[in-house]
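Structure, as structure tokens:
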Amino acid sequence: AVVSTQSGHYGRDNRNRNEAVDALRDICCETYHSQASLYIFGSSINGFGTKFSDVDCFVIAKFDIHRKKSFFQPLLNSLKKYKSGFRVTSFAKQAKIPVITAQHVKTKISMDVTFGSSKECKMDVLENSALLNSYAMQNPKIPMVGRFIKHLMSTNGKLGSAKVGGLSSYCHILMYIYYLLHSPHKIKHVQVKPPYSEQKNTLNASEGEILLGFLEYYSCRFNTSLHAIDIRFPRVEKVKHDRNPAILTVEDPIIDKNVAKTMAQNRVVELKVFYYRLCEFLRTTELSAGELEKFIQQPVLNLKELPPLHPKCRPDYFEDVEGEGRSKKKEKSTDCDSALIPLL
């Protein structure tokens with residue numbers, strides 16, 4: 001798989017990624033001969049990657065499922081050789097899904113390599129990447145703002161990482177696409193079945209307006225206890241009975257799975273407050289496409305620079321009540337509503 005050029009205006013970086021992928025593919029061929037194939041997935045090809053994104057790849061191999069962990073060893077040995085052109089930085093052998101992390105020495109590209117048996121392999125990660133790329137291709141503004149959202153969330157260690165009870169970048173991109181589907185911008189819905197259509201869309205809103213609309217939508221208008229974030233359908237979906245209504249529900253578009261289940265229960269309100277403060281921080285600035293790209297490359301955003309909540313806007317205002325909508329929130333605090341940002 002060739003790295004998508006839609007992942008950003010980084011021609012040289014895409015060439016570097018392609019070079020690193022080709023080098024890894026050559027090593028896999030030398031190690032396993034015709035017994036394995038290398039595939040690329042994730043942000044490198046889904047249209048929402050930045051020049052800082054790692055390359056996610058997996059090896060589909062003809063081997064006994066029960067020998068999966070031992071099948072890593074030949075590739076690990078090959079990568080550790082001096083002439084391989086790679087430097088192994090970590091090997092999570094005991095993880096549920098073992099992962100080799102290696103850096104291509106010449107290009108400094110980091111790559112995460114995992115394995116799957118040809119007998120058990122589901123190509124859902126490739127379908128996910130293709131589906132997200134079809135949305136990114138609709139308009140250049142879509143991946144532009146998506147990359148910016150990923151950057152903003154990476155500045156918050158607790159909320160921007162699934163490993164510590166937050167949300168993954170993949171989860172945030174699904175939330176972003178859902179917002180675009182249900183916002184006044186109305187991008188075109190893509191059927192969740194390959195082959196995915198390549199549609200073009202005219203977005204009259206600026207990048208800054210789209211970004212502020214996303215932050216405002218999830219901080220003040222989306223009820224997490226009532227509705228599920230699901231891009232499989234063009235309509236609004238309610239939370240399934242088997243899902244915990246106290247947490248955020250973000251359905252994977254390919255497999256039946258809540259990819260937001262990693263979020264700790266108390267973090268939902270914290271996420272909404274963070275979105276609200278970011279919106280207050282950014283809404284007075286007209287962000288052009290060039291300024292967004294420039295801001296992405298700036299040092300990590302200092303969260304102390306974010307304005308505090310409005311004195312009348314208590315954190316409990318952001319709590320959703322199961323079975324009740326926006327009207328309940330207004331009963332709780334009408335003063336807080338006057339402090340909210342206007343609709344875009």
Sole exception among (1) at pLDDT 90 or above; (2) within 25 Å of N258 (Cβ to Cβ) for A102, by number: (2)
Selection within the range 99-108 - within 17 Å of I27 (Cβ to Cβ) and either open to solvent by 30 Å² or more (accessible area, probe 1.4 Å) or assigned to a loop (DSSP other than H, G, I, E, B) (or both): V99, Q103, V105, K106, T107
Extreme residue, nearest to V273 (Cα to Cα), among residues of the range 176-204 that are among the polar types (S, T, N, Q), open to solvent by 30 Å² or more (accessible area, probe 1.4 Å) and without any contact (Cβ under 8 Å) to a residue 60 or more places away in the chain: N204
Failed criterion for E207 (all others in (1) of a type in the set (D, E, K, R); (2) open to solvent by less than 10 Å² (accessible area, probe 1.4 Å); (3) farther than 23 Å from V259 by Cβ hold): (2)
Residues of the range 22-38 satisfying the condition of being in a helix (DSSP H, G or I) and among the small types (G, A, S): A23, S34
Odd one out for T89 among (1) free of Cβ contacts under 8 Å to residues at least 40 places away in the same chain; (2) in contact with a Lys or Arg (Cβ under 6 Å, 6 or more places away or on another chain): (2)
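Let's see how each residue does on (1) more than 21 Å from F148 (Cα to Cα); (2) modelled with pLDDT of 90 or more; (3) of a type in the set (S, T, Y); (4) not in a loop (DSSP other than H, G, I, E, B):
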| site | (1), (2), (3), (4) |
| --- | --- |
| P245 | yes, no, no, no |
| V269 | yes, no, no, yes |
| V273 | no, no, no, yes |
| F281 | no, no, no, yes |
| T284 | no, no, yes, no |
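One line per residue, one yes/no per condition, for (1) at pLDDT 80 or above; (2) open to solvent by 40 Å² or more (accessible area, probe 1.4 Å); (3) part of a strand (DSSP E or B); (4) out of contact with any strand residue (DSSP E or B) (no Cβ under 8 Å at 6 or more places or on another chain):
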{"residue": "A1", "(1), (2), (3), (4)": "no, yes, no, no"}
{"residue": "H9", "(1), (2), (3), (4)": "no, yes, no, yes"}
{"residue": "A20", "(1), (2), (3), (4)": "yes, no, no, no"}
{"residue": "I40", "(1), (2), (3), (4)": "yes, no, yes, no"}
{"residue": "S53", "(1), (2), (3), (4)": "yes, no, no, yes"}
{"residue": "K69", "(1), (2), (3), (4)": "no, yes, no, yes"}
{"residue": "L75", "(1), (2), (3), (4)": "yes, no, no, no"}
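The values are calculated or read from the model by the stated rules, or taken from the named source; none is laboratory data. Keep in mind the model is a prediction, meaning the values are calculated, not measured. Here the Cβ is made from the backbone with ideal geometry for all residues, glycine too, and neighbour counts use every protein chain on show. Side chains are part of the model used for accessible areas, which takes the heavy atoms of the whole protein and leaves out ligands, DNA and RNA. Shrake-Rupley method; radii C 1.70, N 1.55, O 1.52, S 1.80 Å.
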